[in-house]
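> Next up is a structure, given as C-alpha cells.
The values are calculated or read from the model by the stated rules, or taken from the named source; none is laboratory data. Here the structure is a predicted model, which is why all the values come from computation and not from measurement. Cβ: placed from backbone, ideal geometry, glycine included. Neighbour counts: every protein chain shown. Note: accessible area is taken over every heavy atom of the protein model, side chains too, but ligands, DNA and RNA are not part of it. Shrake-Rupley method; radii C 1.70, N 1.55, O 1.52, S 1.80 Å.
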Amino acid sequence: MNSLADPKVVEILYRLHRDAELQKPELRKKAEAIRQGGKMPEDWAEQLRDFYLPVSREQGRFLYQTVRGVRAERVVEFDSSFGISSIYLAAGLRDNNGGILIGSELVEDKAATARRNIAAAGLADYVEIRSGDARTTLLDPGSPVDVVLLDGGSGMYLDIVQLLQPHLRLGAVVLADNIEAGAEDEQPYAKWVRDPANGFVSSSIEMKGGTEYSVWVGTA
Ligand SMILES: C[S@@+](CC[C@H](N)C(=O)[O-])C[C@H]1O[C@@H](n2cnc3c(N)ncnc32)[C@H](O)[C@@H]1O
C-alpha cells in the first residue's frame, strides 16, 4: 500500500501544492519587503501567516520514503504551516501500520487549517499538531523519535535539534530544509550536526536548494 496514491491524499495534496504555487509571486514581494538588512525580522512568521512556505513535492516524497525506510513510528515536525509536509509524513506512518506525527505551528489559525487539511486527507489518526512556540511545545515529544523534519526557518534549528536529541533513537534521521540555500542564519546548525563530536553523520543533499540529511549515531 502507498497512501500517496490514495485518492483523498492525492486530491488534497494537489490542491494545497497548487495554492502554494499560486502564492509564489506575492510571497516573493512580501518576503523582500519584510527582510531587513538581509535578515528576516523576529515576527516573520506572523507577517507570513497567510503563506504556505511548503516542502516541494520531491521533498514530500522523500519524507514519505524516509518514514517508510526506517519503519518510523514517532515523527516530529518543526513546523507544520498548513499541513503539506505533515500529510506526506503521516501517509508514511499509516503505511507502516501506525504511529504518531507530533507537528508544531506558532500561528494558531495555521495550526487549525493544518488539522482540517490532514483530516481531509483521512490521516487525522496519525497526527497531533501542537500550536504555540515549538521551543516549548516540542519539549516533550515522547520517545523514541525515529524521524525529524526541521522546516521552520529563523535560525532555530540548532535549538530544536538539541532539545529533541535526547529523544532520538539510534539511526534516527533528521532532515533540515533550507541549508546551504543562502540562509546564513541557519549555518550554525549545519556546522554543529557535521561535527562528529555531536553524534551525527551529516551532509547536504541536492533538493530544493539544499536539504541537510543527518543520522543520529550517538556520542559514546
Ligand atoms: C516553512 S513553513 C513550514 C512548512 C511546512 N513544513 C510544509 O511543508 O507545509 C515554517 C512555519 O514555521 C512556523 N514557525 C515559525 N516560528 C515558529 C516557532 N517558534 N514555533 C512554531 N512554529 C513556528 C511559521 O508560522 C511557518 O508556518
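> Looking at ALA124, is it touching a helix residue (DSSP H, G or I) at 6+ places or on another chain (Cβ under 6 Å) and without any contact (Cβ under 8 Å) to a residue 12 or more places away in the chain?
Numbers: touching a helix residue (DSSP H, G or I) at 6+ places or on another chain (Cβ under 6 Å): yes; without any contact (Cβ under 8 Å) to a residue 12 or more places away in the chain: yes.
It is true that ALA124 is touching a helix residue (DSSP H, G or I) at 6+ places or on another chain (Cβ under 6 Å) and without any contact (Cβ under 8 Å) to a residue 12 or more places away in the chain.
> Sticking with this structure for a sec: Looking for something away from the ligand (no atom under 12 Å from the Cβ) and open to solvent by less than 50 Å² (accessible area, probe 1.4 Å) - is there at least one such residue anywhere in segment 24-32? Step through it out loud before you land on a result.
Step one: of segment 24-32, the residues away from the ligand (no atom under 12 Å from the Cβ) are 24-26, 28-30, 32.
Still in the list and also open to solvent by less than 50 Å² (accessible area, probe 1.4 Å): none.
Looking through segment 24-32, none of the residues is away from the ligand (no atom under 12 Å from the Cβ) and open to solvent by less than 50 Å² (accessible area, probe 1.4 Å).
> For segment 195-217, which positions are open to solvent by 20 Å² or more (accessible area, probe 1.4 Å) and under 15 Å from GLN162 (Cβ atoms)?
Within segment 195-217, ASP195, ALA197, ASN198, SER202, TRP216 meet the criteria.
> Quick check, is VAL10 in contact with a strand residue (DSSP E or B) (Cβ under 8 Å, 6 or more places away or on another chain), away from the ligand (no atom under 16 Å from the Cβ) and at pLDDT 95 or above?
no
> Identify, by number, the condition in (1) in contact with a His (Cβ under 8 Å, 6 or more places away or on another chain); (2) under 30 Å from VAL10 (Cβ atoms) that SER143 doesn't meet.
The one condition SER143 does not meet is (2).
> Here's a follow-up. In segment 70-87, which residue that is among the hydrophobic types (A, V, I, L, M, F, W, C) and near the ligand (Cβ under 9 Å from one of its atoms) is surrounded by the most Cβ atoms within 10 Å (Cβ to Cβ)? Walk me through how you get there before you give the answer.
First pass over segment 70-87, keeping only residues among the hydrophobic types (A, V, I, L, M, F, W, C): 70, 72, 75-76, 78, 82, 84, 87.
From the residues that got through so far, the ones that are near the ligand (Cβ under 9 Å from one of its atoms) too are 78, 82, 84, 87.
Numbers: PHE78: 27, PHE82: 27, ILE84: 28, ILE87: 32.
Here the residue is ILE87.
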